[in-house]
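*Asks:* Just passing along the structure, written as structure tokens.
The values are calculated or read from the model by the stated rules, or taken from the named source; none is laboratory data. All values reported here derive from a predicted model rather than from experimental measurement. A quick note on method: Cβ atoms are made from the backbone with ideal geometry, for glycine too, and the neighbour counts reach across all protein chains shown.
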Amino acid sequence: GQSDNRTMQPTQAKSPKKGTKGSGKPQVRRRLSVMPGSISVESEAKLDGIAIGEDEAKATEMATGAFAKGGVVKEFTSLSRVGYVPFNNRKVNQDRYTEHPMFAGEKTKSLFGVFDGHGVHGHDVSQFLITHLPTLIAKGKNLEKHPHAQITRSFLAANAKLDKSGIDTTCSGTTAVVCYINGTRIYTCNSGDSRAIVATLQDGKIIAKGLSIDQKPELESERKRILENNGRVQACQDLDGNPVGPMRVWLKHQDIPGLAMTRSFGDKLAASVGVTCKPEILEYDLKEGVDQFLVLGSDGIWEFISNQEAADIVAAESTAKAAAKALVEEATARWKKEEEVIDDITATIVYLNGSKYPAMSK
């Protein structure tokens, strides 16, 4: 069909149209790395980290845990499902998650993170980060007194370590959304477009609140940094010259790499024009009995599901495992409806002490 062969050239569109979600019209999503020129959906998907390779990760992974009293975490679960590409039945899951209910050896500290790899070696990058980033944060001498500075230092140190790892990160990288909990305070540390939310109970209703902000070229402050670093921010365009999909980061005089986020680990080419792994750290103070659960997800979750919808889906299920399954399956169904490919989809749900959820908690 027509949608299988689009010419993807950057265009100076000031207000690119977002994907026409739910309209039934074909849309070009935020493919993470797009090479301009005549490009098929298959080629584009490959560049978007939907790469051919040995499937090291199982198609579905799940982990569940319960936590001893002493911290704010009551129960947690994660589910990661590999995406789907029509031409590639050996697609690698490039998403990773990390769970530390008792972080740095302390009951009052926890750390949870979701990492969404992209590019040919994206799965190697996300795996590297779950191996090294939590350790670097935990070892930080100033984590207690100066958490922002210490976490930022740890993100930068992890990226420097990645740089020396032998993994080719020219056009490969990963997002990171990390919730570090110390006592009743959450520090949400974000690089990229994975996301974390908290579900609160207000007047008997579940209300979702964002704990992080997606870092994309559409954000004025993010775009400004790219332009100041000699980069370009433009959308792609179709054969008729119409802007399609989101804004992307390009080198000034070359139509590469076309990254649809402004912060990430790796991505050396994009880093040369201002893309950084430096996290944005936002604080949130938990209130027992009011704040019910956290949801961390790769953008496979958030592409077609709003924060509020995600909170409602989780709240409707009576067990942690059922909630993770319901959220991932709803995300999958929406991808099938809207797109020819399905992104890797990962969700971590953290239920808090004093929460009425899940109904059948341990």
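*Asks:* Take LYS141 and tell me if it is surrounded by fewer than 18 Cβ atoms within 10 Å (Cβ to Cβ), in contact with a Gly (Cβ under 7 Å, 6 or more places away or on another chain) and either within 30 Å of THR332 (Cβ to Cβ) or at pLDDT below 95 (or both).
*Replies:* No.
*Asks:* Now, a different point. Of all the residues that make up the stretch 194-215, how many are of a type outside the set (A, V, I, L, M, F, W, C) and buried (at least 22 other Cβ atoms within 10 Å of the Cβ)? Talk me through it step by step, then tell me what you get.
*Replies:* The initial filter retains those residues of the stretch 194-215 that are of a type outside the set (A, V, I, L, M, F, W, C), namely 194-195, 200, 202-205, 209-210, 212, 214-215.
Subset that is buried (at least 22 other Cβ atoms within 10 Å of the Cβ): 194-195, 212, 215.
Of the residues in that region, 4 qualify.
*Asks:* Still on this structure: For the subset of the stretch 333-359 comprising residues that are in a helix (DSSP H, G or I) and not basic (Lys, Arg), which member is surrounded by the fewest Cβ atoms within 10 Å (Cβ to Cβ)? First the steps, then the outcome.
*Replies:* Keep residues of the stretch 333-359 that are in a helix (DSSP H, G or I), which gives 333-338.
Those left that are additionally not basic (Lys, Arg): 333, 335, 338.
Numbers: ALA333: 12, TRP335: 20, GLU338: 20.
Checked the stretch 333-359; the qualifying residue surrounded by the fewest Cβ atoms within 10 Å (Cβ to Cβ) is ALA333.
*Asks:* Among the numbered criteria (1) in contact (Cβ under 8 Å) with a residue 40 or more places away in the chain; (2) closer than 17 Å to LYS209 by Cα, which single criterion is violated by ASP344?
*Replies:* Only one criterion in (1) in contact (Cβ under 8 Å) with a residue 40 or more places away in the chain; (2) closer than 17 Å to LYS209 by Cα is unmet by ASP344, namely (2).
*Asks:* If a residue has to be in a strand (DSSP E or B) and surrounded by fewer than 24 Cβ atoms within 10 Å (Cβ to Cβ) to count, how many in the stretch 111-134 make the cut? Before you say what the answer is, go through the steps one by one.
*Replies:* First, pick out the residues of the stretch 111-134 that are in a strand (DSSP E or B): 111-118.
Next, only the ones that are surrounded by fewer than 24 Cβ atoms within 10 Å (Cβ to Cβ) stay: 111.
Of the residues in the stretch 111-134, 1 are in a strand (DSSP E or B) and surrounded by fewer than 24 Cβ atoms within 10 Å (Cβ to Cβ).
*Asks:* Name the pairs whose Cβ atoms lie under 9 Å apart, with the first residue in the stretch 175-201 and on the phi > 0 side of the Ramachandran plot, the second modelled with pLDDT under 95 and part of a strand (DSSP E or B), and 6 or more positions between them or separate chains?
*Replies:* GLY183/GLY71
*Asks:* Name the pairs whose Cβ atoms lie under 6 Å apart, with the first residue in the stretch 115-136 and farther than 18 Å from GLY300 by Cα, the second part of a helix (DSSP H, G or I), and 6 or more positions between them or separate chains?
*Replies:* PHE128/LEU162; HIS132/ALA158; HIS132/LYS161; LEU133/ALA158; LEU136/SER154; LEU136/ALA157; LEU136/ALA158
*Asks:* What do you reckon, is ILE167 under 24 Å from ASP343 (Cα atoms) and of a type in the set (A, V, I, L, M, F, W, C)? Steps first, answer last, please.
*Replies:* Details: under 24 Å from ASP343 (Cα atoms): yes; of a type in the set (A, V, I, L, M, F, W, C): yes.
Yes.
*Asks:* Only one of GLU228, GLU220 is at negative phi, among the acidic types (Asp, Glu) and without any contact (Cβ under 8 Å) to a residue 12 or more places away in the chain; which?
*Replies:* On inspection, the qualifying residue turns out to be GLU220.
*Asks:* Against the conditions (1) within 19 Å of the chain's Cα centre (by Cα); (2) in a loop (DSSP other than H, G, I, E, B); (3) more than 19 Å from THR77 (Cβ to Cβ), where does ILE305 fall short? Just the number, please.
*Replies:* For ILE305, the exception is condition (3).
*Asks:* Residue by residue through the stretch 247-268, note down the ones that are over 16 Å from the mean Cα position of the chain (by Cα), crowded, with 18+ Cβ neighbours inside 10 Å, of a type outside the set (Gly, Ala, Ser) and not in a loop (DSSP other than H, G, I, E, B).
*Replies:* Once the filter is applied, which keeps residues that are over 16 Å from the mean Cα position of the chain (by Cα), crowded, with 18+ Cβ neighbours inside 10 Å, of a type outside the set (Gly, Ala, Ser) and not in a loop (DSSP other than H, G, I, E, B), the stretch 247-268 yields MET247, ARG248, VAL249, TRP250, PRO257.
*Asks:* Considering only the stretch 158-203, state which residues are touching a helix residue (DSSP H, G or I) at 6+ places or on another chain (Cβ under 6 Å) and among the acidic types (Asp, Glu).
*Replies:* Selection gives ASP193 alone.
*Asks:* Continuing with the same structure: Would you say VAL350 is under 24 Å from GLY122 (Cβ atoms), among the aliphatic types (A, V, I, L, M), touching a residue at least 24 places away in the same chain (Cβ under 8 Å) and touching a strand residue (DSSP E or B) at 6+ places or on another chain (Cβ under 9 Å)?
*Replies:* Against the criterion (under 24 Å from GLY122 (Cβ atoms), among the aliphatic types (A, V, I, L, M), touching a residue at least 24 places away in the same chain (Cβ under 8 Å) and touching a strand residue (DSSP E or B) at 6+ places or on another chain (Cβ under 9 Å)), VAL350 does not qualify.
*Asks:* Restricted to the stretch 144-193, and to residues that are buried (at least 23 other Cβ atoms within 10 Å of the Cβ) and of a type in the set (Ser, Thr, Tyr), which residue is nearest to VAL73 (Cα to Cα)?
*Replies:* TYR180
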